Amino acid sequence: MFVLTGGPGSGKTSLLEHLRGRGLACVGEGGRAIIREELAHGGNALPWGDRQAFCRRMFEHAASTYAEAHESGGTWLFDRGLPDVLGYARLCGLAVDADLLQAARQLRYQPLVLLAPPWEAIYHNDAERKQDFAEAQRTAAVMREVYGELGYQVVELPLAGLEARADFVLEHLQA
């Protein structure tokens, strides 16, 4: 199980969709799904609403998808992992629940983590992404920091087209 992390708008989702099309088992980002669910049901567990509840929902999603992938076996690529939830809490100044910290330390992914760096040329906002580019840069820096603190080796993706990025990912997953 591998993780692709980074700031918002760095091309992670597009890359995972492309890799899924090339046969790689991928787990999508929980944050966007949670935002869509909350908006559809009038909930407030949102990054611009109840951030603590949003963080808790992301933790639950990350833990359950980790368990499902672990149970099924094989190679999986996650769009964000449990340490990303720690990074989100750090960015927002939220208290970190003990169970989240324990899960991030014990439920381990492969030691190599891929980081999609901030890329202003492709960055854009949408209904689910309201952060500005400066926050995207801060997010990527915090994710690098959190994964490093947990003992992961962080490797940055090149600022390149989709095919080149996909080839880079596949080469690193096989190494």
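Quick one: compute the contact order of segment 2-174, relative version, from alpha carbon pairs under 8 angstrom and 6+ residues apart, as a percent.
Result for segment 2-174 is 35 percent.
Per 0.36 nm of contour for each residue apart, how much would the distance between residue 25 and residue 164 grow if the chain were fully extended, relative to their Cα-Cα spacing?
In short, 48.2 nm is gained.
When a footprinting reagent is the concern and you count Cβ atoms within 10 Å, what order do 171, 37 take, fewest first?
171, 37
Please list, ordered by chain and number, the residues whose modelled amide H lies under 5 Å from the amide H of residue 115; skip anything fewer than 5 residues away on the same chain.
Amide H to amide H, under 5 Å and 5 or more residues apart or across chains, residue 115 pairs with 5, 155, 156, 157.
Any chance you could tell me what percent of the C-alpha pair distances in segment 23-175 go past 27 Å?
Counting every Cα pair in segment 23-175, those more than 27 Å apart make up 22 percent.
What does the highest-first list of 6-14, 104-112 look like by mean Cβ count within 10 Å?
Top to bottom by mean Cβ count within 10 Å: 6-14, 104-112.
Have a look at segment 1-105 and give its Rg and Dmax from the Cα atoms, expressed in angstrom.
13.8, 39
Every read-out reported here was derived from the displayed coordinates using simple, explicitly stated rules and does not represent laboratory data. Because the structure is predicted, anything quoted here is derived from the model rather than measured. Glycine gets a Cβ as well: all are built from the backbone with ideal geometry, and neighbour counts include every protein chain shown.
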